[in-house]
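What follows is a short report on a single structure.
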Amino acid sequence: MRMYETIIIVQPDLGEGELKALSAKIQDVISTMKGEYRRLEDWGVRKLAYPINKVTRGRYYYLRFDGDAPLIAELERRLRLDDKVVRYQSVKIEKDTGAAAAAAKAAVEAEAAVEAEAPVEAAEAAPESE
């Protein structure tokens, strides 16, 4: 299975019941297509970069799950049919992204440590020459 994340923008004025129904629908699609649901985060209401269907604000949701291509197709089909959903975007997460980010962070920390030691060595060398 591949790792995916989906950002969903829904209308900002939806009630609590409608939001729970949307969440239940998403979880149902993932479970019926033999996917693995990881998390659904509510990022709150934010201003959109540009109006979409005369809507200037939207409630953002972050969805993280594991699945295959048919799962993505079905999830996006259901989101497209739902009038409450303003926009959505699904992205496949690369498995080595975490390892590459950790390696880059370690390289930056090592470089910072070398730079931090260089002034100390220069300061130690200065008293010897006097």
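Counting every C-alpha pair in the range 24-97, the share spaced more than 16 angstrom apart comes to 55%. Across the range 17-33, computed HN-Hα scalar couplings (Karplus, 6.51 cos²θ - 1.76 cosθ + 1.60, θ = phi - 60°) run x, 5, 5, 5, 5, 5, 4, 5, 5, 5, 5, 5, 4, 5, 6, 6, 8 Hz from first to last residue, x flagging Gly and Pro. The stretch between Thr56 and Asp13 holds 14.3 nm of extra length on full extension. This uses 0.36 nm per residue minus the Cα-Cα distance.
Ordering 69-75, 38-44 by mean Cβ neighbour count within 10 Å, with the highest value first, yields 69-75, 38-44.
Read-outs throughout are calculated quantities, based only on the coordinates presented, and are distinct from any laboratory measurement. Keep in mind that this is a model prediction, so the values were computed, not measured. Neighbour counts run over all protein chains shown; Cβ positions are idealised from the backbone, glycine included.
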